[in-house]
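*Asks:* One structure, as structure tokens, below. Some questions next.
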Amino acid sequence: MLARSTLSPQVALTTQSKTEKDMKHYESWGRSDLAFLLIMLATLLLASGAGAQSKYKTLHSFTGGGADEQPLAGLIFDSAGNLYGTTSGGDHGTGTVFKLTPNSDGSWTENVLYDFGGGGAPQAGLIFDADGNLYSTTYDGGPTGLGTVFKLTRNSDGTWAESVLYSFCSRSNCVDGRSVYAGVIFDHAANLYGTTWLGGAGGQGTVFKLTRHSNGSWTESVIHSFDGRDGANPGASLIFDLTGNLYGTTYMGGSSGMGVVFQLAPKSDGTWKESVIHSFGGMDGALPYASLVFDQSGNLYGTTTSGGGCNVGGSGCGVVFQLTPNADGRWKEKVLHRFTAAPDGAFPWTGLSFDHSGNLYGTAAGGGDPTHCSDYFFGCGVVFKLTPNLKGGWRETVLHQFRDHPGAKPFGGLIFDTAGNLYGTTNGDNTTTFGSVFEITP
């Protein structure tokens, strides 16, 4: 696991004892062991090359120092080609929503659309509705201080106004959920769905629905509370299949306590049935934090932040996995790639994106080139591509290895523009860099 102050609060919440264990593991190494690891990482890097030939461009660098800084999530486009995202900084240190507008000379101009002054800390990305309003969540803030779902509406003068659609822990014992890391999604009726990290009847997180009413109000209902056996601590957004089932991941819980992939199927009486379709065990991945994506055949793809067998960090560097549905309703997992830190990356915290040819793209917050990163053990991260072959295997290509400048630690996912270019964010090292927005031409 990455032991960095730039990690989301949930990492410190759930992995403090694990991080302490890892640090003790490092301290127990002899000088010969450490030298061997450094030589091994450098040798792997030289043997594998610096990555594919792709063009990398920084569109915007966040400055820190009380200004906008440290985005944790990916971006979205509007119809005019502007980019939108969230940060965890701002004038009050509680997060912002920003917009990047392309200029005729190829540069981009940032505007802060909203600064969360009374607490907020958005960890997730944004979505648009049909009218151009923006929606997302905050980890804390709101009347209870334990998280919100919010909406941003553009005013006639170009400014944006925030309205809180729901404030969590509004009910006794937080049975409605609390502490939100994931974003929200719409169904066909314009209702919103999401997850909370904590709260619920089992205290280990929820899946919730916000029902939209004609008068503009919203009602929250919990459609599933996790109890550990069926998963715990969901940090990812949800996705729908074509028949209206919901799918997601939990960071912990399940048969081995290392996280699950779950399905929620709607029932005729309005309730939902949860099924664990895969429980991670370590070598097949562990601690999934990212959302999932379908291919055209109905297979699911995702990442785990840990597991896979790599020993850097003491618990594995993470994997990319595929889940294939069988005729009997069960799902079969296949590991497409196990990360090894150098040079192919480590610790992917976000989901994947398909291109039109069926290739997968993603980011890993660690690994890469250890010789040009102040975090020599864990690395500054990579952008990677996975290409399928005719034998059913997948080949990983590193498109970019991050260094301390101009950005490091990509925790957010990637999006494509119409020309096939990739866009994403880095979180920075919180010392010399404070995050960036980048473009990659594969």
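The values are calculated or read from the model by the stated rules, or taken from the named source; none is laboratory data. The structure displayed is predicted, hence computed values, not measured ones. For neighbour counting, all protein chains shown are included, and Cβ atoms are generated from backbone atoms with ideal geometry for every residue, glycine included. Heavy atoms of the whole protein, side chains included, go into the accessibility calculation; ligands, DNA and RNA do not. Shrake-Rupley method; radii C 1.70, N 1.55, O 1.52, S 1.80 Å.
*Asks:* Mind pulling the per residue volume of the convex hull built on the Cα atoms of segment 82-190? Å³ is fine.
*Replies:* In segment 82-190, the Cα convex hull volume per residue is 121 Å³.
*Asks:* Another one. Determine the alpha carbon to alpha carbon distance for each of Lys332/Lys409; Lys209/Lys267; Lys332/Lys391; Lys151/Lys409 and list only those over 23 Å.
*Replies:* Those over the limit are Lys332/Lys409; Lys151/Lys409.
*Asks:* Within straight cross-link reach of Lys99, meaning Cα distance under 19 Å, which aspartates and glutamates are found once same-chain residues fewer than 8 apart are removed?
*Replies:* Partners found: Asp68, Glu69, Asp78, Asp91, Glu110, Asp115, Asp129, Asp131, Asp157, Glu162, Asp417, Glu439.
*Asks:* What number comes out for accessible area per residue over the chain if the probe is 1.4 Å? Units Å², please.
*Replies:* 41 Å²
*Asks:* Where does segment 204-331 land on the Kirkwood hydrodynamic radius, alpha-carbon pairs, in angstrom?
*Replies:* Final number for the Kirkwood radius of segment 204-331 is 15.3 Å.
*Asks:* Based solely on C-alpha atoms, express the radius of gyration and the Dmax of the chain in angstrom.
*Replies:* Gyration radius and largest Cα-Cα distance of the chain: 20.8, 69 Å.
*Asks:* Sticking with this structure for a sec: How do the peptides 188-196, 231-239, 121-129 rank, highest first, by the average count of neighbouring beta carbon atoms within 10 Å per residue?
*Replies:* Result, highest mean first: 231-239, 121-129, 188-196.
*Asks:* Calculate, in whole percent, how much of the Cα-Cα pair population of segment 387-433 lies beyond 15 Å.
*Replies:* 61 percent
*Asks:* If you bin the C-alpha pair distances of segment 309-442 every 10 Å from 0, what whole percents do you get?
*Replies:* In whole percents, the pair-distance histogram is 13, 42, 32, 11, 2, 0.
*Asks:* Rank-order 197-205, 338-346 by packing density, defined as the average count of other C-beta atoms within 10 Å over each peptide's residues, highest first.
*Replies:* Numbers: 197-205: 22.9, 338-346: 25.8.
Taking the mean over residues of other Cβ atoms within 10 Å, the ranking is 338-346, 197-205.
*Asks:* Quickly rank 288-297, 365-374, 212-221 as a protection proxy: mean count of other C-beta atoms within 10 Å, highest first.
*Replies:* 365-374, 288-297, 212-221
*Asks:* Report, to the nearest whole %, how much of the accessible area of the chain belongs to carbon and sulfur atoms, 1.4 Å probe, protein only. Before the final figure, lay out the partial values.
*Replies:* Values: 9210 of 17960 Å².
Carbon plus sulfur share of accessible area: 51 percent.
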